[in-house]
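What follows is one structure encoded as structure tokens, with my remarks underneath.
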Amino acid sequence: MTSGRGFIRVRCGVRRWPARVLSCLVAGSLVAAWGLTAAQAQLFSDRPPPVPPASVPDPGAAVSLAPPSGPGAGPVVPPPPAPQAIPGPPVAAIPPGAPAAIPPVAAPPAAPNQGVLSLSARYGKDLPNINGGLVWRVFADRPDETGAFKMLREDRGPTPNIVLPPGNYVVHVALGLVSAVRTVSLKTDTDRESFLLPAGGLRLEGRVGSSKIPQNQISFAIYKGSQFDGRERAPLVPNVAAGDMLMLPEGTYYIVSNYGDANSVVRSDIRVQASKLTDVTVTHRAAVITLKLVSDKGGEALANTAWSVINPGGDVIKESVGAFPKVVLSEGDYRAIAKYEGKVFERSFNVVNGVDGEVEVLAR
């Protein structure tokens with residue numbers, strides 16, 4: 001489901017991830033997620049790791065910038081198509097019980113009076129192991145005199161074997177924004193613990209027509225749930241760059257895409273599936289407009305001009321000061337108002353989808 005002037009295309013597929021590739025940005029750091037599959041989780045959280053357990057466990061005359069027969073009348077916005085396989089490298093469904101790309105390392109024998117905590121994680125039941133991007137932390141099961149839970153070990157391997165004295169511990173594992181925590185009781189032998197982390201990958205990009213929007217001109221915010229829930233909420237991830245990949249808990253989200261800083265905004269619901277990478281292309285219907293106040297047609301732009309761009313309803317869409325400011329506007333009709341040395345000049349203009357151009361306002 002999409003709102004705003006644009007639409008999205010969603011491609012979702014299962015991908016086997018080579019162990020040598022690392023390309024997953026999560027909570028400000030690159031995270032590798034190879035062999036997107038599933039595992040056995042206990043306590044799930046949408047908050048970014050690490051989080052030590054607090055208590056054990058839990059947008060003149062009118063001038064068109066394009067001919068009337070130009071591409072201004074765009075087609076009706078189609079709904080997003082059903083998820084499909086990602087093109088490119090061969091993508092195949094991961095069969096139940098498929099071997100992991102990196103076999104688990106056998107746990108070493110426990111030293112005298114020591115135990116071995118052998119850890120692993122999966123994307124879900126009957127799916128392969130997660131082979132990268134994990135952050136393991138082991139904490140004391142009781143707070144110290146300051147009330148904090150002391151971190152005893154940290155490991156970023158897919159299947160670490162951690163040697164510890166016998167006792168009770170709290171194990172926290174995170175993959176991007178997906179995490180789980182469990183209390184374990186370790187004895188003088190090997191304790192094998194497997195966690196389920198039902199995570200999926202999400203990667204976003206923006207386009208105007210067939211042209212890709214530069215990464216520094218578009219941003220995305222990710223919210224939990226549907227845009228039609230009617231609830232105000234803070235974004236789960238407030239600023240996602242185009243091309244970055246996030247690991248998110250399986251579920252429904254909606255994205256808000258801003259092209260520029262005016263009124264080109266597209267909203268859409270998406271679904272993230274465990275062990276799958278979902279590629280989303282957001283299409284904006286907009287153009288980049290350069291404003292110029294000139295003494296004569298084709299003349300030099302006058303500096304220190306204060307600009308306002310308003311829509312037919314009189315709403316101010318964008319304000320700026322300068323000789324030739326650029327503004328990204330959604331397709332439609334607007335009026336440019338220029339204030340210079342105490343005088344006001346204005347002109348109507350029309351924005352056509354994908355047709356960048358200049359709007360000259362004559363200072364007379």
Point to revise | Order of 118, 211, 275 - criterion: other Cβ atoms within 10 Å of each residue's Cβ, fewest first | key: 211, 118, 275
Check your understanding: Given H placed 1.01 Å from N in the peptide plane, which residues other than close sequence neighbours of residue 200 have an amide H under 5 Å from its amide H?
Key -> 248, 250, 275
Practice item. Report, by chain and number, residues whose modeled amide H sits under 5 Å from the one on residue 141, excluding near sequence neighbours (fewer than 5 apart, same chain). Key: 170
Point to revise | Highest to lowest packing among 323-329, 278-284, scored as the average C-beta count within 10 Å | key: 278-284, 323-329
Revision key, fill the gap. Here region 259-268 yields Karplus 3J(HN,Hα) values (6.51, -1.76, 1.60; θ = phi - 60°; whole Hz; Gly and Pro given as x) of 9, x, 10, 10, 10, 8, 10, 10, 10, 7
Check your understanding: What whole number of Å gives the distance from the Cα centroid of region 117-136 to the Cα centroid of region 272-335?
Key -> 47
**Study point:** Nearby aspartates and glutamates by direct alpha-carbon distance to residue 297 (threshold 20 angstrom, same-chain neighbours under 8 apart not counted)
**Key:** 341, 346, 356, 358, 360
Revision key, fill the gap. Under the Karplus relation with 6.51, -1.76 and 1.60 and θ = phi - 60°, whole-Hz ³J(HN,Hα) for region 252-258, x at Gly and Pro, equal 9, 9, 10, 10, 10, 10, 10
Check your understanding: When 179, 264 are ordered from fewest to most other Cβ atoms inside 10 Å of their Cβ, what list results?
Key -> 179, 264
Practice item. Counting other beta carbons within 10 Å of each Cβ, put 293, 152 in order, fewest first. Key: 152, 293
Practice item. Quick one: which residues, 5 or more positions from residue 179 or on another chain, have an amide H under 5 Å from its amide H? H modelled 1.01 Å from N in the peptide plane, none for Pro or chain starts. Key: 45
Practice item. In whole Hz, with x marking every Gly and Pro, tabulate ³J(HN,Hα) for region 318-335 from phi via Karplus 6.51 cos²θ - 1.76 cosθ + 1.60, θ = phi - 60°. Key: 7, 10, 7, 10, x, 6, 8, x, 9, 9, 8, 10, 5, 4, x, 9, 9, 10
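No lab work stands behind these numbers, since they all come straight from the coordinates. Everything quoted here is computed from the prediction, not taken from an experiment. Cβ: placed from backbone, ideal geometry, glycine included. Neighbour counts: every protein chain shown.
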